[in-house]
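Read the structure below first, then the notes.
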Amino acid sequence: MDAFTKACAWLFPQYCQLCAQPLGAGQQICSHCINAFVGINAALQEDLLLRADIQRQFPLRHIDSLQALDWYRPPLSTWLKQYKYQQRMYRQVALSALLTHHFARLASLPDWHWPHLVAPIPLAPSRLIWRGFNQVVRLWQDALPQPLFAANLLRRRHGTRTQAKLNARQRRKNLAHAFSVHADVRNLDIALVDDVLTTGATLDSAAKQLKAAGARSVSAWVVCLTAKT
Ligand SMILES: [Zn+2]
């Protein structure tokens, strides 16, 4: 194996990340594992907020419906961390493949309708410079129909503090008016996408701004929900 082939194999291993079966180029998870994946939404509900346990944990005031692949637990929690903090790009390919499959199944439901626009939660400019690009955008862009994507719909207004170390009340305060809306969203259905929903304060604050700008409905789509312990 030459150095280039070795580097490629390290960057994009040629086997399924769940069952280790050899795979063709471009795949990181086999079709069997994709089909067998049972996450949080095994019953394939159009809206996880219809579940009492989830509604109780996430008091989202401005979000009309919620989708997630799983709770924040392995393997997805590990994959997200390795993608975001260790630049293991092949984890993104696997996560996007699971998202693609999940939303294709949702789209087959009789009452499902796609939103008019999908908007990522923007990073604060300082964090964007630090990480180089908004990884969450890539994760979702590879998974959803491209024309829906409105990457710059929302912008951060000012350097909001990092949410990680704040409690729920502090997060809400930190996020009041954190976002501004940069398109005409009147009467549109918008889906906000993010990687992890912890308290939901960030997504709720963005949804509030979108509603104030006239959006008809705002959904939140995330990879994982953090369960309250
Ligand atoms: Zn597999």
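Taken together, the values in this text are just the output of simple stated rules run on the coordinates, not laboratory data. Predicted model, so just to flag it, every value in this text is computed and none were measured. All Cβ positions, glycine included, derive from the backbone under ideal geometry; neighbour counts span all protein chains shown.
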Table column - 3J(HN,Hα) (Hz), segment 134-148, Karplus curve with 6.51, -1.76, 1.60, x for Gly and Pro: 7, 5, 5, 4, 4, 3, 8, 4, 6, 10, 10, x, 4, x, 6
Lysine pairs with alpha-carbon atoms under 23 Å apart, the chain, spacing 8 or more or separate chains: 11
R0 of 25 Å, Cβ-Cβ distance residue 86-residue 227: FRET efficiency to nearest 0.05: 0.55
Once amide hydrogens are built 1.01 Å from N within the peptide plane, the residues lying 5 or more places from residue 149 or on another chain with amide H under 5 Å from its amide H are 118
Sorting 124, 92, 192 by the position of each Cα along the dipole of segment 38-225 (Lys, Arg +1; Asp, Glu -1; all at Cβ), the one nearest the positive end of that ordering is 124
Computed about the Cα centre, the charge dipole of the chain from +1 Lys/Arg and -1 Asp/Glu charges at the Cβ has a magnitude in debye, to the nearest 20, of 1180 debye
Report the Stokes-Einstein translational diffusion coefficient (µm² s⁻¹, integer) for the chain, Rh taken as the Kirkwood radius over Cα pairs, at 37 °C with viscosity 0.692 mPa s. 178 µm²/s
With each run of n ≥ 4 DSSP H residues scored as -39500 (n - 2.57), what mean residue ellipticity at 222 nm is computed for the chain after dividing by its residue count and rounding to the nearest 500 deg cm²/dmol? -10500 deg cm²/dmol
